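Note sheet for the following structure.
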2 protein chains.
Amino acid sequence: MDIEIAKYSGYCFGVKRALDIAEETLNKYKKKVNKIYTLGQIIHNRGVVEGLSKKGITVVNSEENITPGSILIVRSHGMSPVVLKRIRAKKVKIVDTTCPFVKKAQDKANFLSRSGYFVIIIGNKEHPEVIGIKEHIENNNFAVVEDIKDVKNIGKKEKIGIVVQTTQTSKKFKSIVSKILEKGKEILVENTICSTTVNRQNSTRELAKRVDVMIIVGGKNSANTTYLAEISKNCNTITYHIENYKGINLSWLRGIKKVGISGGASTPEKDILKVKKLIEKL
Amino acid sequence: MDIEIAKYSGYCFGVKRALDIAEETLNKYKKKVNKIYTLGQIIHNRGVVEGLSKKGITVVNSEENITPGSILIVRSHGMSPVVLKRIRAKKVKIVDTTCPFVKKAQDKANFLSRSGYFVIIIGNKEHPEVIGIKEHIENNNFAVVEDIKDVKNIGKKEKIGIVVQTTQTSKKFKSIVSKILEKGKEILVENTICSTTVNRQNSTRELAKRVDVMIIVGGKNSANTTYLAEISKNCNTITYHIENYKGINLSWLRGIKKVGISGGASTPEKDILKVKKLIEKL
């Protein structure tokens, strides 16, 4: 059986950077503070988060659980500046790992809003990145559009500014922007999809077209990994989305000639290689 | 036979305004100056232009033919400020009938260009309105896109600003903008299609769907009239584009139950009514 890993696959710059900062923080402060927290997972990968937890980073899901005198590592997806201000006021040291591309989307949303634009964020309503971007808008003149159908609920506006979750697909982005064009005369589009996302999506699509089965490795709660699986399915290729090698069912590969593997931005390279090794044993 | 005229049809605000200004100019200056010119047709309708010619407005096609001491009426489509400056320097009085919506597109193109955007004008390359808009851009950082295929020739840009010929269809505009989204990260879309154009297109489409034959009345060189014919054809309705009632071939209407009529922004109401009367005689 032939096995090929997508050219662009696994950790992106922003995830690598967040994990490096987390390790540095552990080395520097672990013995000096009582606790090091992240509010939500630092990246959307269970294995990585469990590893960091063993090293001393505690994941909490509510700001109330963050105790004074501790350190909060802001996750790669960013977060609300209002919540951050409240936490800082509790004498908590903040270490920010927000991905610079996410930061850019936050800043653009803030700028558009201050410039009088009604801001539309294209992205998953419940995703922490989108929630963080939204909280950078200082008024109520905004909407989150997850699906083209959501555009119907937006009235006509004088000026509309658009930003997009960094890991959305270009295809979805384009179709939603096209629909938004009906809603206003002046529309400023800030395409904040990050370039590594585009490369990863393109190389997954390219590989999916050439193989019989695609295996996408990464967190089920990872937006960008889920999109890779969707892109692969849209190539009419049998596709399985697994969190790690343990998710493989070897019956999937019986009689198959060529398998492709790709991983999301929050998937460690070793997770991808483990999947490859397991398949090679067949 | 049932005959119905589209709800929004015939002269738009900008055309009416241009013709009113032309008549005023004739009344006020005809006896005081040696010549009154337009550079190209004041509106794209042969009958109207011939009528004005009889009253004393001479159409020339080159600025060299405009003589000192005369008046130049700037056509509703607008024109190049550079050419206008040269003509003014010849001691020619300028009377401007540029449609305010076209003026807005010109100003937006100028502003976008001064603000560092690469400007894309969506429109017909040879149309005087597009040529006029183009000439309001003071550098070479622009392109005219007539067709979605033209977008291919444009390289990646940091910032793209888009304006559109006032009489383009929303459908074409949207599909071209969607393609342009691939070319830059920041795209400022100024939808300069005028609202009367949208109303006229929508009511023509609505009528075309309910009749057996559509007759579109107006200049063959009128972009907006030509689009009405295209819209009607796209409803799978048999469509004829005629300049005036003389263009009708009565054999088109044999055995037909319902006929729709629509006219472009530069089509006089009387031209539309004449077509209706001729058909009623059947």
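Quick rundown of the values:
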{"read-out": "Å² per residue, accessible surface of chain B at 1.4 Å", "value": "47 Å²"}
{"read-out": "Selected from A:Cys194, A:Cys235, A:Cys12 as most flexible by GNM, with chain A as the system and alpha-carbon contacts under 10 Å", "value": "A:Cys235"}
{"read-out": "Helix-derived mean residue ellipticity, 222 nm - over chain B, DSSP H n ≥ 4, -39500 (n - 2.57), to 500", "value": "-11500 deg cm²/dmol"}
{"read-out": "Protection proxy ranking, peptides A:271-280, A:62-71, average beta carbon neighbours within 10 Å, highest first", "value": "A:271-280, A:62-71"}
{"read-out": "A:Phe173, A:Phe111, ranked by accessible area, largest first (probe 1.4 Å)", "value": "A:Phe111, A:Phe173"}
{"read-out": "Theoretical gain in end-to-end length, A:Asn221 to A:Lys270 [0.36 nm per residue, Cα-Cα removed]", "value": "15.7 nm"}
{"read-out": "Label spacing, shortest first and in nm, from B:Lys104 to its equivalents in the remaining copies (7 angstrom along Cα→Cβ)", "value": "3.3"}
{"read-out": "The range A:1-142: C-alpha gyration tensor shape, a/c 1.5 cut-off, then a/b vs b/c", "value": "oblate"}
{"read-out": "Extension reserve of the A:Asp2-A:Lys159 stretch, reckoned as 0.36 nm per residue once the Cα distance is removed", "value": "51.3 nm"}
{"read-out": "Cross-link pairs A:Lys270/B:Lys185; A:Lys220/A:Lys274; A:Lys171/B:Lys104; A:Lys7/A:Lys257 - those with Cα-Cα distance over 28 Å", "value": "A:Lys270/B:Lys185; A:Lys171/B:Lys104"}
{"read-out": "For A:Val74, residues with placed amide H under 5 Å, excluding near neighbours", "value": "A:Val95, A:Asp96, A:Thr97"}
{"read-out": "Gyration tensor verdict on chain B (Cα atoms; rounded if a/c is under 1.5, prolate if a/b is larger than b/c, oblate otherwise)", "value": "oblate"}
{"read-out": "Assigned charges on the beta-carbon of Lys, Arg, Asp, Glu; chain A dipole about Cα centre (debye)", "value": "360 debye"}
{"read-out": "Cα-based Lys pair tally, the range B:13-98, threshold under 17 Å, eight or more apart or on separate chains", "value": "19"}
{"read-out": "Mean Kyte hydropathy of 0.0 or more with a Cα span along the axis of at least 30 Å, helices from DSSP in chain B", "value": "none"}
{"read-out": "Accessible surface buried upon A-B contact (total; probe 1.4 Å; Å², nearest 100)", "value": "1500 Å²"}
{"read-out": "Label-point gap, in nm, between B:Lys277 and B:Asn199 - each point 7 angstrom along Cα→Cβ", "value": "2.6 nm"}
{"read-out": "Highest average packing first - B:202-214, B:239-251, A:147-159, Cβ atoms within 10 Å", "value": "B:202-214, B:239-251, A:147-159"}
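The values are calculated or read from the model by the stated rules, or taken from the named source; none is laboratory data. Just so it is clear, the structure is predicted and the values come from calculations on it, not from any experiment. Every residue, glycine as well, gets a Cβ built from its backbone with ideal geometry; the counts of neighbours run over all protein chains shown. The protein model used for the area step is the full one, side chains on, heavy atoms only, and it has no ligands, DNA or RNA in it. Shrake-Rupley method; radii C 1.70, N 1.55, O 1.52, S 1.80 Å.
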